[in-house]
Amino acid sequence: MTNATINSDLLLAHLLDATTDTAIAVIDTQFRLVHLNPTASELFHCATGDVLGRSIRDLHIGNQIDAERFDAAAQDITQGRAFEYCIEQPRENGMRYLGMRISGLWDDQRLIGYLLLARDITPRHLAEMKLAEEERHYRNLYEQAPIPYHSLDADGRVRHVNRAWLETFGYSEEDVLGQTLFQHLIEPDARAFVRGFQRFKRVGEIHNLVFVFRHADGRPITVSLNGRAVYDEEGHFHHTHCILIDITRQRAAEEAMRRSEERYRSLFQNSRDALLLHDPQSLCIEDCNPAAESLFGYSLEELRAMRIPELSAEREDTLRVLKRMQEKQLPVVHVKHRHILCKNGTRLPIELDVVRVNVGGHDKLLGTLRDISDRLRLEQSLRAREQWLTTLMETVPYGIEETDREGRILYANPAYHHLFGYKPRTLIGRTIWELMPDEEQRTIHRIIRTRQFEETPSQETIYADAQRRDCSAMEIQIDWDYRRNEEGEVTSIISVITDITERRRTERALRDSEERFRSIFTHSAAGMATADPSGRYLAVNPAFCRLLGYSEAELLEKSVRDITHPDDWQENQYKFQQAASGQIQNYQLQKRYLHKDGSIVWGLVSSTWVQDKEGKPIYAIGMVQDINEQKQAIQALRESEERFSLFMDYLPGAVFIKDAEGRTLYVNSYLDRHFGAREWIGKTTRELFPGEIGQAMHEDDCRVLELGQHAAVEKVPERDGTEHIYHTRKFAIPQEGGPSLIGGMAMDVTEQTQNRQDLELARFTLDRAGDAIFWLTPEAQFVYVNEAACRSLGYSHEELLLKGVTDIDPNFTHEMCLKMWGRIKQEGTVRLESLHQRKDGSEFPVEITANHIVFGDKEFNCTIARDVSEQRETQQRLQRAHKMEALGQLTGGIAHDFNNILASVLGFTDLSLVRLEGGNAEKLGSYLREIQTAGRRGKDLVEQMLRFGRANNTRPQQLRLHHLVREIHRLLGSTLPSSIQILEQLDTETPPIMGDPVQIHQALMNLCINARDAMQGKGILTIRLGLSRNVQGTCSLSRDRVSGDWVELSVSDNGPGIAPEIADRIFDPFFTTKEVGRGSGIGLAVVHGILLQHHAHVLVEPAKGGGTNMRLLFPPAENQSADNGQDATHVTHATEKLNGRVLVVDDDLSVLRAICALLEQEGLDAQGESSASLALEQIKKNPGANDLLLLDQTMPELTGVELIREVRRLGIKTPTILCTGYSDHVNEENAAQFGINQFLRKPLDRMQLLDTIKSLLNGSCKL
């Protein structure tokens, strides 16, 4: 809903503004405020002009309209339901409650906006709250009693229990009511209760009997039972009243007290506020929580070595407060605003509470510190808001005044003065009666005096005449309300004045317009009528009565259907309903009316609908013209045309007539039989024959009109789809008083030109083929290329015919071309993949099909090349999608391994600390080596995950697959359940292959995960690797025969196997036999694409003993090099001490401290900084102070790369080392382009870091 849609109806806007007891806001579908009435502006304390057009999501009007709640209700509103809620609004004398209702604005089932209604419901809401509170109090008095209660009948069956009883023992009322109580007791107490109950009935009361009840979950609960018996009038036992005291907790009190200290420590450690426990005399900090470490920036050890004054920015004030607390023995001291000093030198505002506590019999002080930075900023914002609201009254465009009970003006804003033509503040002290005529004064005075004595005065809008200072008259609208004191007495009246002079003028113009319409309706020469949505006539003019022979009274008793010919009613009703439902704006049709005398009257009806403000139809207006004479003329013309058509249909040839624009007017039966030409009537030549044929025919028509006649040969498709060639003769037919027509006759001459066309069609087909087609000589030179080949390579036809295969395929040499020609002659057809190079040097992948062709006495190679760039991209997207699916499969196992690693690190760290504190360092070294081993395992695990998730952007390299298989075995050990046994049968002497390790890694993982799913979590998975000789089989991907020697990597399982009927579909994308939601069907499709890129094959065979064996066959590498499957890491040991100053920047304080400690241990002057921006300021102040910069990459203010870029921009050449745990932006290959000297990955290896620093400080490593 746009602003134009809503504001188009001024009457609606004024109606909304006139509503004074309800706040109304209109919001469009983009959640922008379109209209606020004055009551809403006042209720939400905002000006309409300031908020219109702004989004409700970004704006809280008066901090009351909850945008999130508005979004949550949108779903209900779009389904036609209104959403209601209540909000609280603070005010001076308490809370005000507003009832909110949000509903949709609809236009014929289309949501065009939202309507928000708000009303002050404070009295009703407070009364409801008080009534509900009293009801809950009395209702819960018994049920919410904290002591369990039950009542038993004479047979010991439970009559009643309260909620405390049910909660204590965990039963529902259905479980216990009507059951004997001893069923819920534990033996032997059950038997004792049966005996004791008989005595209870005789004695009449019991005290402090102990029983053990069975809780619903089976645990025992010990209770103390007290009860009294109730007897009827005859003295017979009737029932009991018993209360039970759970004494289980008393017996567990000692254990609870022991755990109390643990809970206190947990609360202390996990508190969000900083806690400092210190001695009141020495002010030394004895204990603190992690929140204090985060607040001050010190470690826990550093804080425990400090005194309270060292942390305060107002030390004297702090000492004075603590001294006063100690002297007066105050239990609690609250300090609203103090500043502390953080480790980095910053001052933070805090709120402080100091409590006196007893710890171990000693008097201590516990300080609670809260960071109030955000609160101070909010208070400043609120003060600015208050100032804004103060100025709002001075800027709103509406006149606002406050008067006393006698009408004397106490306040008037600038808009009020401007409205009456006075200078600002000149009306203060004057009365409002001076601005109005005498009669208006009396009316307004009477209304105000009457309403002020009502307990809840009903506000109303007053319309009055007023007079400006220049004596000009105006009409105003007054919306007013009383201001009352605490006793409810009226103290003043607040009014909003709106100039409605222009609106009144518009209303009067509207009434004049209606009178003019009534005059036109009555005196129109054409028939006019209005009808309601049911078709009943509401009004008819005299011309309509004369047309049908009825009087006005008679027609008003009839409906549209009553006077419509039955054969025309269906069409009339359809158009009528379409217009009524808003599907069409208006309509026109020719129909037959039934005259009063029974004759038929033809009329041309033009009708439109008048709608209300909500878009609902109110009534239809129709105009009817008498077209009887026109219909008679048309009938005579039709009979003449029928005679002409009968004559032309017997002519032995195609005959047609067209107008000057080429629109077909007539065709004979010959044209219809051969071309279905009856459908041509009314259509132009270019509409019937798009393209060159239609354009040529149109040009012929133009020549005929210019020259008088023309003959041509045209190719036209006949009705059965075949094209026929016609010799056509056209001639002009003069028309009196208008443009000439075009007549023509055509003869079929298809057989005479068919042979020539067949030859041209063959060449045209080749040139228009989508794939590139080349005809080559045995020497690989081009003798023919089609247009697709020229487009794909970027050459012209002439340029490409001067080239050969070696010019466009970088993979082929002249010798390879001759070898390939021999293979093509032998096999007839050869398929392969290669790369083509365009004229601009860019390359793209192609699938090539080469065919041996003998034409006459010459041999040719007819090659078809298809661009498979999009197919490759699709395969890569499938690979990435499945890689993410497989990564999700790995997450559980990886988390398991990583938790084991962390357990090892934390366990050995605890042991090391125990040894260190006990002074026994005998095994400390072995513990630390275990921690180092666990850390390296974690690093390797993360590297495997990163390698698995890395994008496929590498080129093939020589690989030995046994290293890759062992790495996958480690990952599978974490991923697969322990019920699946993984077996390896690897020949480590297997020749290497050329391939992408990431892609092969993914393919093998996909096969293993498929095998896991096939075995349904239990079985044996076997991975084999070796060189297979003399392989014979059929590839399951390409269906080609496979033979020769191959490097075989197979995955087999002992699952149920693959059904024969689906064996040919398992590699199709999105084909899966798993349940919905458990498989995507892209795993084996990704394997398919990877194997095709590696020129590999797969043989799918049944495994021995059941299951499936997937045999992947890779061609061995031609030039085999040394084993590269395992990277070697060369580590040097820096034994001598290092010299120099190193600035270390890392936002992680623990990492920062660890690196600084390591560098200082090696003799370096290490300076740590956790803020990148502060580090940059230090470098700017003293550019030459540092010999080396050691930077983290991921930091909040500046990344490491951004910091280095700023340093280099300053002209500083200090060597830099960038460290990161993971980054997809910078790596070892592109680090130099960012100005980085060395790139290291976290976690840092100590010796690698020291060797890198040594090389940079010695100048052996340069940028």
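The values are calculated or read from the model by the stated rules, or taken from the named source; none is laboratory data. What you see is a predicted model; the values in this text were computed from it and never measured. A quick note on method: Cβ atoms are made from the backbone with ideal geometry, for glycine too, and the neighbour counts reach across all protein chains shown.
The set of residues in the stretch 840-867 that are out of contact with any strand residue (DSSP E or B) (no Cβ under 9 Å at 6 or more places or on another chain) and either hydroxyl-bearing (Ser, Thr, Tyr) or not in a strand (DSSP E or B) (or both) comprises Asp840, Gly841, Ser842, Gly856, Asp857. Counting only residues that are within 54 Å of the chain's Cα centre (by Cα) and not hydrophobic (A, V, I, L, M, F, W, C), the stretch 777-831 holds 21 of them. Out of the residues in the stretch 231-247 meeting the condition of being surrounded by 12 or more Cβ atoms within 10 Å (Cβ to Cβ) and more than 18 Å from Ala164 (Cβ to Cβ), tell me which one is nearest to the chain's Cα centre (by Cα). Filtering the stretch 231-247 for residues that are surrounded by 12 or more Cβ atoms within 10 Å (Cβ to Cβ) and more than 18 Å from Ala164 (Cβ to Cβ), the one nearest to the chain's Cα centre (by Cα) comes out as His239. Set side by side, the residues Ser645, Ser669, Ser640 differ, and just one is buried (at least 16 other Cβ atoms within 10 Å of the Cβ), of a type in the set (Gly, Ala, Ser) and free of Cβ contacts under 8 Å to residues at least 60 places away in the same chain, which is Ser669. Among the residues of the stretch 248-279, those identified as at pLDDT below 85 and surrounded by 15 or more Cβ atoms within 10 Å (Cβ to Cβ) are Thr248, Phe268.
Listed by first and then second residue, the pairs with beta-carbon distance under 9 Å, at least 6 apart or on different chains, first residue in the stretch 86-105 and farther than 17 Å from Ala25 by Cβ, second of a type in the set (S, T, N, Q) and in a loop (DSSP other than H, G, I, E, B), are Glu88/Gln64.
Only residues that are of a type outside the set (S, T, N, Q) and within 20 Å of Ser740 (Cβ to Cβ) were counted in the stretch 672-721, giving 20.
Residues that are not small (Gly, Ala, Ser) and not in a strand (DSSP E or B) occur at least once in the stretch 234-243.
Screening Gly582, Gly598, Gly603 for residues that are part of a loop (DSSP other than H, G, I, E, B) and surrounded by 15 or more Cβ atoms within 10 Å (Cβ to Cβ) leaves exactly one candidate, Gly582.
Can you say whether Ile221 is in the same structural domain as Arg163 (by TED's automatic domain parsing), surrounded by 15 or more Cβ atoms within 10 Å (Cβ to Cβ), within 15 Å of Ile147 (Cα to Cα) and touching a strand residue (DSSP E or B) at 6+ places or on another chain (Cβ under 9 Å), as far as the supplied structure shows? Criteria met by Ile221. With the requirement that a residue be exposed (fewer than 13 other Cβ atoms within 10 Å of the Cβ) and of a type in the set (D, E, K, R), what does the stretch 342-358 give you? Listed by number, the list holds a single entry, Arg347.
Of all residues in the stretch 1179-1202, those being free of Cβ contacts under 8 Å to residues at least 60 places away in the same chain and in a loop (DSSP other than H, G, I, E, B) number 12.
Of the residues in the stretch 982-992, at least one is over 23 Å from Ala1096 (Cα atoms), within 43 Å of the chain's Cα centre (by Cα) and in the same structural domain as His1094 (by TED's automatic domain parsing).
Residues that are touching a residue at least 24 places away in the same chain (Cβ under 8 Å) and small (Gly, Ala, Ser) number at least 3 in the following strands (runs of 3 or more DSSP E) confined to the stretch 957-1071: 1019-1034. Filtering the stretch 525-567 to residues that are aliphatic (A, V, I, L, M), exposed (fewer than 14 other Cβ atoms within 10 Å of the Cβ) and either touching a residue at least 40 places away in the same chain (Cβ under 8 Å) or over 18 Å from Gln625 (Cβ atoms) (or both) leaves Leu538, Ala553.
Of all residues in the stretch 700-719, those satisfying the criterion of being surrounded by fewer than 13 Cβ atoms within 10 Å (Cβ to Cβ) and assigned to a helix (DSSP H, G or I) are Glu706, Leu707. Across the stretch 606-637, the qualifying residues are those that are at pLDDT 80 or above and of a type in the set (Gly, Ala, Ser), and the one among them that is surrounded by the fewest Cβ atoms within 10 Å (Cβ to Cβ) is Ser606. The set of residues from the stretch 672-687 being surrounded by 20 or more Cβ atoms within 10 Å (Cβ to Cβ) and of a type in the set (Val, Ile, Thr) comprises just one member, Thr685. Only a single criterion out of (1) at negative phi; (2) at pLDDT below 90 is not satisfied by Gly218, namely (1). Of the listed requirements (1) without any contact (Cβ under 8 Å) to a residue 12 or more places away in the chain; (2) crowded, with 17+ Cβ neighbours inside 10 Å, Glu301 misses just one: (2).
Restricting the stretch 380-423 to residues that are part of a helix (DSSP H, G or I) and small (Gly, Ala, Ser), the residue that is surrounded by the most Cβ atoms within 10 Å (Cβ to Cβ) is Ala415. Does Lys613 meet the test of being under 30 Å from Ala579 (Cα atoms) and either over 60 Å from the mean Cα position of the chain (by Cα) or not assigned by TED's automatic domain parsing to the domain that holds Leu589 (or both)? Criteria not met by Lys613.
For the stretch 511-525, a tally of residues being within 17 Å of Cys545 (Cβ to Cβ) and over 57 Å from the mean Cα position of the chain (by Cα) returns 5.
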